[in-house]
Every structure is written in C-alpha cells, then in structure tokens.
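The values are calculated or read from the model by the stated rules, or taken from the named source; none is laboratory data. Note that the coordinates shown come from a computational prediction; the quantities given were computed from them, not determined experimentally. Cβ sites come from the backbone with ideal geometry, for glycine too, and all protein chains shown count toward neighbours.
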Amino acid sequence: MNVSEALDSRMSCRAFLPDPVPESTIREILTAASRAPSGGNLQPWFVDVLTGAPLAALVARIGLQVPEHPLGHPGEYPVYPSPLGEPYRTRRYTNGEQLYATIGLPRSDRPARLRQYARNYSGFGAPVMLFVSIDRGMGSAQWADLGMFMQSIMLLAREYGLHTCPQESWSAWHPEVGDAIALPADRMLFSGIALGFRDDTAPINRLRTERAPLEEIATFRGFG
Ligand SMILES: Cc1cc2nc3c(=O)[nH]c(=O)nc-3n(C[C@H](O)[C@H](O)[C@H](O)COP(=O)(O)O)c2cc1C
C-alpha cells in the first residue's frame, strides 16, 4: 500500500469487529508514527493504549453515566469555536446529516441520534483505544504536531489492514479516561483513536465524506 492508497482508504470507521489487534502491531505502528515531524522536534505527544479488561471497565463506567449526561462533562478545551462561522458550520451540519442518513436517523429523532452518538464511548466496538494527550503547557503549534502524529497512526493502520476513528468526543469524559490511564495532572487528554478491523457490513461505514474543491483551499501564484 502506498501513501495515496493509505490516505484514500482511511475513513472514520464507526463499527468495528471484535477481533483483537496484537500488541506487537500496535507497537510497530506507534514506533513508526513517532517519525512524525514536530516543531523543534519536541515530540509533544503521549499515547496510552487500552484493550481488554481496562478498556471494558472504562466503557462500563462511562456507560453508566451516559443516560443522564449524554454529552459528558464540560470539556477542558473547546472542540469547536463558538460561534462556528461559515463555511465550517455548513460543513459540520452536512457531515452530521450524511452520517445519520447512512443509518436512517432523521434530525427529528434526537433520542436515537444521541444513542448513536453514545457509541463513541464504546469506541464503536473497537478492541483497542488509543488516548492521545499533551502537556498542558504546550500551545497551538504543539497541538498541530499532535495532529500529525495521529494522522501518521491512522495511515499506518491501513498498512496492517486496520481502520481507525479519531474521537475527540472522549475529551468530554476526561476525568474517567484520566483515571483509567493514570493521566498526570499536568497533562490534558486531547482525543481517542479507536483501532481495529472494520465491520464492512455496517451501513454506517459506507459514508465517504466530501471535501471542498481545491480552489476553495489552495491558492497558486507565480506558475505562469
Ligand atoms: C481530531 C478529530 C476528532 C474527531 N472526533 C470524532 C468523534 O469524537 N466522533 C466521531 O464519530 N468522529 C470524529 N472525528 C471524525 C470526523 O468526523 C471525520 O474525520 C470527518 O467527518 C471526515 O471524515 P473521514 O474521517 O471519514 O474522512 C474526528 C476527527 C478528528 C480529526
């Protein structure tokens, strides 16, 4: 698999098979991903890997609270700016509509949508969760570095036939995740990444998201 194929086949997988992923595979992926660039080579990323009993315990602990608090705790960082201006607001709305359309959930059925959203907190059934965190003292430049690390993990996963879902929704459960991974007080949870084998029969995995045309995001000058 070349880089283009990895990029093209990566998608946010929202239904996984229960098949386990060997620890050695995850170690190889994380070792390779740590070749990601970072300003000043700070390598400001930390990753905690959970599977088996500790993951099941975390999912169960959060699951008990979700019915009463479907959106979790107040976050430690804003997932989106507020207000979210255009064109981002429309992109986000479209994404939600297209996602829920794959499983036939209309906007009017908020309880069902919340139930689907709550599947975030089981990692959509993935056998492995990665939790990515960063020192609280780091700034936006280092948070960008985290993104490069995460994308490297997600592309490498494709080489092993694995799929992923980046999940900042776990940040709403930072106290519980923090307990589960013994997160030091000076570090902040950024995002989860669900990792495993895709359930190809799940309709929700049929979503192929849109991208803005190149003209909207790129400007070329001086090419004659
Ligand atoms: C940092 C980050 C966090 C995300 N968090 C979530 C999440 O909590 N739950 C979810 O279902 N998708 C999440 N996504 C997936 C995005 O919705 C998805 O990347 C986007 O719609 C593009 O679709 P694609 O990944 O399938 O190409 C996240 C993506 C990123 C990059």
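Is it the case that some residue within segment 102-110 is hydrophobic (A, V, I, L, M, F, W, C), surrounded by 12 or more Cβ atoms within 10 Å (Cβ to Cβ), touching a Lys or Arg at 6+ places or on another chain (Cβ under 9 Å) and without any contact (Cβ under 8 Å) to a residue 12 or more places away in the chain? Yes, some residue in segment 102-110 is hydrophobic (A, V, I, L, M, F, W, C), surrounded by 12 or more Cβ atoms within 10 Å (Cβ to Cβ), touching a Lys or Arg at 6+ places or on another chain (Cβ under 9 Å) and without any contact (Cβ under 8 Å) to a residue 12 or more places away in the chain. Out of Ala6, Ala32, Ala60, I need the residue that is within 16 Å of the ligand (Cβ to nearest atom) and either in a helix (DSSP H, G or I) or among the small types (Gly, Ala, Ser) (or both). Which one? So the residue among Ala6, Ala32, Ala60 that is within 16 Å of the ligand (Cβ to nearest atom) and either in a helix (DSSP H, G or I) or among the small types (Gly, Ala, Ser) (or both) is Ala6. Just one of the listed residues (Ala141, Ala185, Ala202) is more than 11 Å from the ligand (Cβ to nearest atom), at pLDDT 95 or above, farther than 22 Å from Glu23 by Cβ and touching a Gly at 6+ places or on another chain (Cβ under 6 Å), and it is Ala141.
Per-residue answers, yes or no, for (1) outside any helix (DSSP H, G or I); (2) away from the ligand (no atom under 12 Å from the Cβ); (3) within 21 Å of the chain's Cα centre (by Cα):
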residue: His69; (1), (2), (3): yes, yes, yes
residue: Gly72; (1), (2), (3): yes, no, yes
residue: Glu76; (1), (2), (3): yes, yes, yes
residue: Glu86; (1), (2), (3): yes, yes, no
residue: Tyr100; (1), (2), (3): no, no, yes
residue: Leu105; (1), (2), (3): yes, yes, no
residue: Pro111; (1), (2), (3): no, yes, no
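Pairing residues of segment 9-20 that are over 12 Å from Phe124 (Cβ atoms) with residues that are among the aromatic types (Phe, Trp, Tyr), at Cβ distances under 6 Å and at least 6 apart in sequence or on separate chains, gives Asp19/Phe197.
Select from segment 123-138 the residues that are in a helix (DSSP H, G or I) and either within 12 Å of the ligand (Cβ to nearest atom) or basic (Lys, Arg) (or both) and list them in ascending order. If the condition is that a residue be in a helix (DSSP H, G or I) and either within 12 Å of the ligand (Cβ to nearest atom) or basic (Lys, Arg) (or both), then Gly123, Phe124 are the ones that fit.
Here Asp19 fulfils each of the conditions (1) part of a loop (DSSP other than H, G, I, E, B); (2) under 28 Å from Arg92 (Cα atoms); (3) of a type outside the set (Gly, Ala, Ser) apart from (2). Scan segment 119-136 for residues that are surrounded by fewer than 18 Cβ atoms within 10 Å (Cβ to Cβ) and more than 17 Å from His174 (Cβ to Cβ) and report the count. Qualifying residue count, segment 119-136: 2.
Being touching a Leu at 6+ places or on another chain (Cβ under 6 Å) and surrounded by 10 or more Cβ atoms within 10 Å (Cβ to Cβ) is a property that Leu156 lacks.
Starting from residues that are of a type in the set (A, V, I, L, M) and within 16 Å of the ligand (Cβ to nearest atom), keep the ones in segment 205-220 and report whichever is surrounded by the fewest Cβ atoms within 10 Å (Cβ to Cβ). Going through the qualifying residues, I end up with Ile217. Applying a threshold of 6 Å to beta carbon distances and a minimum spacing of six or more residues, or different chains, the list of pairs starting in segment 134-156 at a residue that is charged (D, E, K, R) and ending at one that is surrounded by 14 or more Cβ atoms within 10 Å (Cβ to Cβ) and not in a loop (DSSP other than H, G, I, E, B) reads Asp135/Arg187; Arg136/Met188.
Residues that are in a loop (DSSP other than H, G, I, E, B), of a type outside the set (Ser, Thr, Tyr) and on the phi < 0 side of the Ramachandran plot within segment 160-192 comprise Leu162, Ile181, Leu183, Pro184, Ala185, Asp186, listed in sequence order. Restricting attention to segment 159-172, does a residue exist that is buried (at least 20 other Cβ atoms within 10 Å of the Cβ) and over 17 Å from Arg119 (Cα atoms)? Checked segment 159-172: at least one residue is buried (at least 20 other Cβ atoms within 10 Å of the Cβ) and over 17 Å from Arg119 (Cα atoms).
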